[in-house]
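Let me begin by presenting the structure, written as C-alpha cells, before commenting on it.
The values are calculated or read from the model by the stated rules, or taken from the named source; none is laboratory data. As the structure is a prediction and not an experimental result, all values here were calculated from the model. Neighbour counts are summed over all protein chains in view; Cβ atoms, including those assigned to glycine, are modelled from backbone coordinates with ideal geometry.
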Protein chains: 2
Amino acid sequence: MTPSERAAAQRESLRALGPHLTPEMISGTTALCAAALDPGLLEGVEVRRDLVYGPHERHRLDVYTSGEGGGRPVLVYVHGGGFVVGQKSAPGSPFFGNLGGWAVRAGYVAVVINYRLAPESTWPGGAEDIARAIGWVVENAAAHGGDPERIFLAGQSAGAMHVADYLAQPGLHGPHGRALSGAVLVSCLYDVGRATDNPMHRAYWGEDRSRWAAMGSLDALVELDLPLLLTVSEFDEPEFLDHARRLAATWWERHRDYPPMHLLSGQNHLSPIYGIGTDTDVLGPLLERFIAAHARPGERGAR
Amino acid sequence: MTPSERAAAQRESLRALGPHLTPEMISGTTALCAAALDPGLLEGVEVRRDLVYGPHERHRLDVYTSGEGGGRPVLVYVHGGGFVVGQKSAPGSPFFGNLGGWAVRAGYVAVVINYRLAPESTWPGGAEDIARAIGWVVENAAAHGGDPERIFLAGQSAGAMHVADYLAQPGLHGPHGRALSGAVLVSCLYDVGRATDNPMHRAYWGEDRSRWAAMGSLDALVELDLPLLLTVSEFDEPEFLDHARRLAATWWERHRDYPPMHLLSGQNHLSPIYGIGTDTDVLGPLLERFIAAHARPGERGAR
C-alpha cells in the first residue's frame, strides 16, 4: 500500500468503529494500531520496570532509556482509562511500550506511570500522584540518561485531566515546583462543570455535581505560562470535541491568537497514543516538533 | 542523528536564517532542504514535461506519474515567487521534482504548473491561468493515471494567492466548473487591502492601492463550501503570520469552530514546500491526511 492508501484505510477503519468507547471500538482500535507497530520497536531499549515513586502499590513507573549518553529530554506519560482503569503496561500488550520505544528512538527518555484509581482516589488525587512522580523524575532523571531541566508531561483522556489539574493547581506542586518545559494533553475534558454525568466521572469528581465546575482547568490553561500541545481527534467522543472547541474559542477571545489545539484528522479517542511508533503515527511527529521548540534549557518558548 | 535531533537542528538552522526573504535566507533554506532529500525520490517516476495548457509560453505544466494504474487523486501545484519570478522546475534543481516524486510515492499524480508572471500578467491573471490548467487536468487526468473527480489544488505564497483568487471568483471557472475536491494554501496573503506596498505587489495588483481591498479572498474563503488546508509557518514573514491570524480569527467569529489553519512549528516561508519528501517533512503528512479525508468521489468532507 502507498502511504496515501494506508492513511485512507486507517481513516475508514477508525470511522467505521464509531466515536464511542464501546468494547468493539476499543479492541478494534488497539488491534489496528498493534498490527501497524514495528515489532522491533523495543530492540536496544532498556526498560526499567516498576520503579517506586510513592507508598501506594500504584505509585510505580517504568523508565525507557537507550542506556547510553545522558542529558536527554524526558517525556512523562500518564495513561487514560476513565479514572477507574488503565495501566502503564500489561503482559503481552505492546502499549505503552510503543510510546517508550518511540521516545528512545526519537532521542528521549520516557517515564510511563501508574497512579491511584477512582473511587479509591478522588479529585485531585491524580494530580497529587503526578506531583510525586515529577519529583521522582527531577531527582532520578540523570541516573537514567535524562535531563531534569527538560521534562515534558503528557496525558491522554483521564490522564490528560490529571495533567491539566497538575498545571492548574500550583498548590499541589512539590519542593521542586512545577519542573516542566511543556505539557501535552491528548483528548481532555477542560470544563468539568459541563461534563457528562456518568459513574466514572462521579467516582472521581464526586456525587455532588454542583462542585464539579470548580474542578475544571479551562480558565487556568488559557492563562498558563507554559508551552502546551493540545489535541482532539476528528472521530473523538463528541464530548471531547465539544470541550476542545470551547478551549480553543476561549483562547481566541483571550489572546486573539492561535490556540495550541490540534484537530487530528482521521483519528479517534485512542488512536493517537496507540498509534505512536506506527507508520501512520500523527502524534509522534507533533511531539518531536513541540519538544524541539521548547527543550532548550533556559529558553522560554513561544506559547 | 535521532529524529528529535534532526527536528531540533532544522529548527535552529531555519530560525538562524531569519524570517525575511533575503538572498541568504532563500539559498540557505533551499540548500538545507536539498541536502535532506532522498536522491532516489524520482526513481520509477515518469516525468512528462512542458505539456501545453494554453497559448502563452508560460502555459506549460509537468506531470509526475507512476505510469501504472489509474484513478489516482491529482495534486496540482502552483509555485510562489512574488508574482514576478518562479518556475515549475529548473535544470539542476530538485524543486519541485521533490513534490512530484513525493506525490507519486504517496499514490497521487502530480501536476506542477507555470503561469504568466507580473507585470505582464496582472490580477486576476494567475487565477485565469489556473482555470485553464484545471480545465486541462479534467480533460487529461485519466491519460496520466489520474482521476478527474479527485483534483486537489495547492499553492504557496503568490501561488497560494492565485489559488485563493480561483476559489473566491467562480466567474473565472471554465466549462467544467471549479472541479476541485479540496484546496491547499501554504503561506498566503488573504486581506490584500492590508498588504505591504512593494514593487512586486504593485506589479500584480496595480499602482492604485485603493483598489487592492477588492482583490482579497478572506471573506470568500471563510464562506467557501470546499475543504481547505491552510498553513502558515512559525518563522514565516510577519506579514503572512498576520494575515493567517486574521483569517483564523474571522473563521472563529463566523463558525465558532476550528479554522483549517495549521501553524507549522519550526518552519519558514519556504521550508514546507522545499521540505516535501525529506525526513523532516511536515507538510507531506498533512497533505496525505487531508486528501484521504476528502478524496472519496461523491463525498463532501467536513470543512
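Residues in region B:90-126 that are under 12 Å from B:G284 (Cβ atoms), away from chain A (no Cβ under 14 Å) and more than 16 Å from the chain's Cα centre (by Cα): none. Is it the case that A:V232 is in a strand (DSSP E or B) and of a type in the set (V, I, T)? Criteria met by A:V232.
Hey, does region B:109-116 have a residue that's in contact (Cβ under 8 Å) with a residue 12 or more places away in the chain, at positive phi and in a strand (DSSP E or B)? Checking region B:109-116: not a single residue is in contact (Cβ under 8 Å) with a residue 12 or more places away in the chain, at positive phi and in a strand (DSSP E or B).
Restricting attention to region A:177-229 and to residues that are away from every other protein chain (no Cβ under 14 Å), in a strand (DSSP E or B) and touching a strand residue (DSSP E or B) at 6+ places or on another chain (Cβ under 7 Å), the residue that is farthest from A:M161 (Cα to Cα) turns out to be A:A183. Please work out if B:L75 is surrounded by 14 or more Cβ atoms within 10 Å (Cβ to Cβ), more than 14 Å from chain A (Cβ to nearest Cβ), among the hydrophobic types (A, V, I, L, M, F, W, C) and not in a helix (DSSP H, G or I). Spelling it out, it is not the case that B:L75 is surrounded by 14 or more Cβ atoms within 10 Å (Cβ to Cβ), more than 14 Å from chain A (Cβ to nearest Cβ), among the hydrophobic types (A, V, I, L, M, F, W, C) and not in a helix (DSSP H, G or I). Is there a residue in region B:144-153 that is touching a residue at least 40 places away in the same chain (Cβ under 8 Å) and in a helix (DSSP H, G or I)? Within region B:144-153, one or more residues are touching a residue at least 40 places away in the same chain (Cβ under 8 Å) and in a helix (DSSP H, G or I). Does A:E68 satisfy the criteria of being modelled with pLDDT of 95 or more and of a type in the set (D, E)? Judged against the criteria, A:E68 is not a match.
Give region A:49-66 a look and list any residue that's more than 20 Å from the chain's Cα centre (by Cα) and under 24 Å from A:W102 (Cβ atoms), or say none. Result: A:S66, single match. Being of a type outside the set (F, W, Y) and at pLDDT 95 or above holds for only one residue in B:R245, B:R254, and it is B:R245.
Here the condition is being of a type outside the set (D, E, K, R), part of a helix (DSSP H, G or I) and either within 14 Å of chain B (Cβ to nearest Cβ) or surrounded by 13 or more Cβ atoms within 10 Å (Cβ to Cβ) (or both); of A:L21, A:L14, it holds for A:L14 alone.
Kindly evaluate B:L180 against the criterion of being of a type outside the set (F, W, Y) and in contact with a Leu (Cβ under 7 Å, 6 or more places away or on another chain). It is true that B:L180 is of a type outside the set (F, W, Y) and in contact with a Leu (Cβ under 7 Å, 6 or more places away or on another chain). Evaluating B:R105 against the criteria (1) among the basic types (K, R); (2) out of contact with any Lys or Arg (no Cβ under 6 Å at 6 or more places or on another chain); (3) under 14 Å from B:R60 (Cβ atoms) leaves one unmet condition, (3).
Okay, residues lined up against (1) within 15 Å of the chain's Cα centre (by Cα); (2) at the interface with another protein chain (Cβ under 9 Å from one of its Cβ atoms); (3) surrounded by fewer than 24 Cβ atoms within 10 Å (Cβ to Cβ):
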| position | (1), (2), (3) |
| --- | --- |
| A:E237 | no, no, yes |
| A:D242 | no, no, yes |
| A:R254 | no, no, yes |
| A:G266 | no, yes, yes |
| A:D279 | no, no, yes |
| A:L283 | yes, no, no |
